[in-house]
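The values are calculated or read from the model by the stated rules, or taken from the named source; none is laboratory data. Remember, predicted model here, so these are calculated numbers, not experimental data. Backbone-built Cβ (ideal geometry, glycine too); neighbour counts: all protein chains shown.
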Amino acid sequence: MAGSAGSLSELDDFARQCIDSQNHSEDIHQYIQFVCSACKSAALRLTIEHHTGSEEWDFKGILWGECSACGYLGRIFTFTGESRKPLREEQPVCDCGGRDFQVGMCERTEGEQGIPGFFDEGVIVGKCILCHRNRAFVYTD
């Protein structure tokens, strides 16, 4: 899916579509935009470190974000444990060849009458800085 440059609300909408938020109107959907903790730039180059137990629909591992502006490297998402071991790394590249993305996460928490329940599922998505194409990187369950 392509989108307009810099439209974070569009990336939020895309993330919600990825986890079918429209079919879970009673649940709570929270979107978080990742930025560099050093300079606050939203352009990140990702490394996805898959750990044992990771499935296509249930990621286990670490997402690293390297800032495209200042080069700072930090963890942007971790879902693993001491019993899990690194399996492989992936460095996402857009179909256009771009490696820099605006990255965000949407998580769904079960809710009934506005009362939060348990985490249900989530997705980490990105928008290519060059061509503005949206993409889902990993799903959590």
Residues located in the range 51-85, provided they are more than 17 Å from the chain's Cα centre (by Cα), loosely packed, with under 13 Cβ neighbours inside 10 Å and at pLDDT below 95:
81, 82, 83, 85
Could you identify the single residue in 48, 32, 19 that is surrounded by 15 or more Cβ atoms within 10 Å (Cβ to Cβ) and at pLDDT below 85?
19
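Quick check: anything in the range 103-118 assigned to a loop (DSSP other than H, G, I, E, B), of a type in the set (S, T, N, Q), out of contact with any helix residue (DSSP H, G or I) (no Cβ under 8 Å at 6 or more places or on another chain) and at pLDDT below 80? Explain how you work it out, then say what you get.
Pass one, the range 103-118, residues assigned to a loop (DSSP other than H, G, I, E, B): 113-114.
Checking which are of a type in the set (S, T, N, Q) leaves us with 113.
Restricting the remaining residues to those that are out of contact with any helix residue (DSSP H, G or I) (no Cβ under 8 Å at 6 or more places or on another chain) gives 113.
This time we only want the ones that are at pLDDT below 80, so: 113.
Yes, some residue in the range 103-118 is assigned to a loop (DSSP other than H, G, I, E, B), of a type in the set (S, T, N, Q), out of contact with any helix residue (DSSP H, G or I) (no Cβ under 8 Å at 6 or more places or on another chain) and at pLDDT below 80.
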